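The values are calculated or read from the model by the stated rules, or taken from the named source; none is laboratory data. What you see is a predicted model; the values in this text were computed from it and never measured. Note that each Cβ is placed from the backbone with ideal geometry, even for glycine, and that neighbours are counted across all protein chains shown. SASA here: full protein model, heavy atoms, side chains in, ligands and nucleic acids out. Shrake-Rupley method; radii C 1.70, N 1.55, O 1.52, S 1.80 Å.
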Amino acid sequence: MSYTVPKLADFSAAALDSAVRELVSALEQESAAVSSENDWKAFRDRWIARKNGILTQLNDLWLKAAPGPNKRDVGQRVNALKPRVEQAVDATLARIQSGVSSGKLAAERVDITLPGIRRPLGAEHPVIKTMNEMIGVFRNLGYSVEEGPEIETDFYNFEALNFPPNHPARDTQDTLFIAGQESKPLRDRLLLRTHTSPVQIRTMQKMKPPVRVVCPGKVHRNDALDATHSPIFHQIEGLAVDTSITFCDLKGTLDHAMKAMFGSSVKTRFYPSFFPFTEPSADVQISCIFCDGKGMRDGAPCRNCKASGWIELLGCGMVDPNVYGFVDYDPTKVSGFAFGMGVERIAILKYGVDDIQLFFQGDVRFLEQFG
Ligand code: DAH
C-alpha cells in the first residue's frame, strides 16, 4: 500500500486534478487487490475510518491546509471524492460476496446459468424387473413371498425334496459344495442352493396349510457360461398346498400366469416330465411368442422355437407325498402343486435378449434400455 495522502503545496486546478487522479487510481488498485472479507475490512478502514481514514486525512491535509481563495475549489473536489470512495468500498464488498474476482474466489464462483447436475434415475435391472412382474401376477392371485438362504444344507436342497442319496444332481458336476464339510453328516453339509425349491420345505416347516407362496431368489450351478447358461441365475418357485388342490388348479394357474406375462394370446401345453419332489411332473411349454406358435416366421423356420411352435419354460407338478413326510403334513389330508422357473430365461424371451451374460456384465448401455 504505497499510497499516502500528499501534503499539497500547489493548490492550482491542474495540481488538484492530478492529486485527485492519483488518489482515484490508488483507490481502484487497492479495491482490485481485495480478495477476502478480511482484506475488505482493512481496505474499508483505510479509506473511510472516521479516525485517520484517507477521507478524513483529506480534510486535514487538503481542505484545512488550503489558502482561503482555494478552499472552495478544494472543498468541491473533496466532497466529490467522498461518495466515490464510499461507492468503491461498497462495490468491492459486493464483488467478493458474489465471488467475482480473479484468483481463488473465481474458481469457487457459482455460475447460475450453467445447467444443473443431472442425477440419472437408474433403471430396475431386467432380471429384478421380470421377477417383480412375475411376483405381481401371483400376488394378485393371493400368493405371498417367501425367501430362503443361498447357502443351504443338503437336507433342504436335496433330501427333503425326495432326491435319493445317489441322485446325479448331488454330484459335484452340478452342485457347488462348501469345502471342508466332509466330517458332517450328509444332510448337514453346506452347498450353494441349486434351485429355489428348498424354500418350499422351509415354508411348509413354518406354516400349516393352506399355503400359497412364491419364492424368488438366486441359485448357483457349476455350469460353464455360454449364451444360455450362467453359474449364477435366478428362479421363482411356487407352492400351493390345501385340502383339495388338483392338477387342474395347477394348469389354470400357470396358464393364467403365462398369459399375464406374455400376452393373452399365448397358449400353454403341459408335457410329461420328472422331478423327484413332484408326482406327476410336467414341463410347461408356451406357444412361441416369436412366430405365434406357427413354427415359421417370414417364410423361414422360426429359430426361437426350432420350428416347433413351442418354447419350454418351466417345471411343475403335484407335490410328491414323500415330501409331506419331511414337513409333518398329512399326505392323506392335503394336496398341492409346485412349479419353478428361471427368471433369466423369461427375461430373455420377453425382451429379446440374445445372451444371458448381458444380465451380469453391468454394461450401462444394455441396462439403461430397461429404464
Ligand atoms: N427346481 C427345479 C429346477 O431347478 C424346477 C422345478 C421343477 C421346481 C418342478 C418345482 C417343480 O417346484 O415342481 O430345475
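With respect to the conditions (1) more than 13 Å from the ligand (Cβ to nearest atom); (2) hydrophobic (A, V, I, L, M, F, W, C); (3) open to solvent by less than 80 Å² (accessible area, probe 1.4 Å), ALA169 lacks only one, and its number is (1). Filtering segment 352-364 to residues that are away from the ligand (no atom under 16 Å from the Cβ) and either in contact (Cβ under 8 Å) with a residue 12 or more places away in the chain or in contact with an Asp or Glu (Cβ under 8 Å, 6 or more places away or on another chain) (or both) leaves VAL353, ASP354, ASP355, GLN357, PHE359, PHE360. Applying a threshold of 7 Å to beta carbon distances and a minimum spacing of six or more residues, or different chains, the list of pairs starting in segment 316-345 at a residue that is over 13 Å from THR246 (Cα atoms) and ending at one that is near the ligand (Cβ under 9 Å from one of its atoms) and among the hydrophobic types (A, V, I, L, M, F, W, C) reads VAL323/LEU161; VAL323/PHE277; PHE339/LEU314; PHE339/CYS316; GLY340/LEU314; MET341/LEU314. For segment 274-299, filtering for residues that are more than 16 Å from the ligand (Cβ to nearest atom), polar (S, T, N, Q) and more than 24 Å from ALA260 (Cα to Cα) leaves 0. The set of residues in segment 277-307 that are small (Gly, Ala, Ser), under 17 Å from LYS267 (Cα atoms) and open to solvent by 20 Å² or more (accessible area, probe 1.4 Å) comprises GLY293, ALA307. Under the condition of being farther than 12 Å from VAL127 by Cα and part of a helix (DSSP H, G or I), which residue from segment 358-371 is most open to solvent (accessible area, probe 1.4 Å)? Top of the filtered list is ARG365.
Screening ILE236 against (1) in contact with a strand residue (DSSP E or B) (Cβ under 9 Å, 6 or more places away or on another chain); (2) more than 16 Å from the ligand (Cβ to nearest atom) leaves a single unmet condition, (2). Filtered by the rule that a residue be within 16 Å of GLY342 (Cβ to Cβ) and of a type in the set (Lys, Arg), segment 218-276 gives LYS218, ARG221.
In segment 315-351, the qualifying residues are those that are of a type in the set (Gly, Ala, Ser) and open to solvent by less than 10 Å² (accessible area, probe 1.4 Å), and the one that is farthest from the ligand (Cβ to nearest atom) is ALA347.
What single numbered condition from (1) open to solvent by less than 80 Å² (accessible area, probe 1.4 Å); (2) within 16 Å of the ligand (Cβ to nearest atom); (3) touching a residue at least 60 places away in the same chain (Cβ under 8 Å) fails to hold for GLY142? Going through the list (1) open to solvent by less than 80 Å² (accessible area, probe 1.4 Å); (2) within 16 Å of the ligand (Cβ to nearest atom); (3) touching a residue at least 60 places away in the same chain (Cβ under 8 Å), GLY142 breaks only (2). Scanning segment 231-249 for residues that are surrounded by fewer than 20 Cβ atoms within 10 Å (Cβ to Cβ) and outside any strand (DSSP E or B) yields PRO231, THR243, SER244, THR246, PHE247, CYS248, ASP249. Note on segment 192-209: among residues that are within 14 Å of the ligand (Cβ to nearest atom) and not in a helix (DSSP H, G or I), the one that is farthest from ASP330 (Cα to Cα) is LEU192. So, THR175, is that one buried (at least 18 other Cβ atoms within 10 Å of the Cβ) and either outside any strand (DSSP E or B) or of a type in the set (S, T, N, Q) (or both) or not? Yes, satisfied. Checking each residue in segment 259-281 for being more than 20 Å from SER197 (Cβ to Cβ), touching a residue at least 12 places away in the same chain (Cβ under 8 Å) and not in a strand (DSSP E or B) picks out ALA260, MET261, PHE262, GLY263, SER265, VAL266, LYS267.
The set of residues from segment 214-225 being within 11 Å of the ligand (Cβ to nearest atom) and under 25 Å from SER335 (Cα atoms) comprises VAL214, CYS215. Do we have GLU312 as out of contact with any Gly (no Cβ under 6 Å at 6 or more places or on another chain), charged (D, E, K, R), within 19 Å of ALA347 (Cβ to Cβ) and within 16 Å of the ligand (Cβ to nearest atom) here? Yes, satisfied.
Annotation note: Cβ proximity below 6 Å between a residue of segment 194-212 that is assigned by TED's automatic domain parsing to the domain that holds ARG139 and a residue that is surrounded by fewer than 24 Cβ atoms within 10 Å (Cβ to Cβ) and among the hydroxyl-bearing types (Ser, Thr, Tyr) (sequence gap 6+ or interchain) occurs for THR194/THR175; PRO198/TYR156; ILE201/TYR156; ARG212/TYR143. Taking the criterion of being hydrophobic (A, V, I, L, M, F, W, C) and open to solvent by less than 30 Å² (accessible area, probe 1.4 Å), the residues of segment 21-40 that qualify are LEU23, VAL24, ALA26, LEU27, VAL34, TRP40. Counted as qualifying within segment 1-84 are the helices (runs of 4 or more DSSP H) with 2 or more residues that are in contact (Cβ under 8 Å) with a residue 12 or more places away in the chain, over 21 Å from ILE96 (Cβ atoms) and in the same structural domain as ILE96 (by TED's automatic domain parsing), namely 13-33, 54-58.
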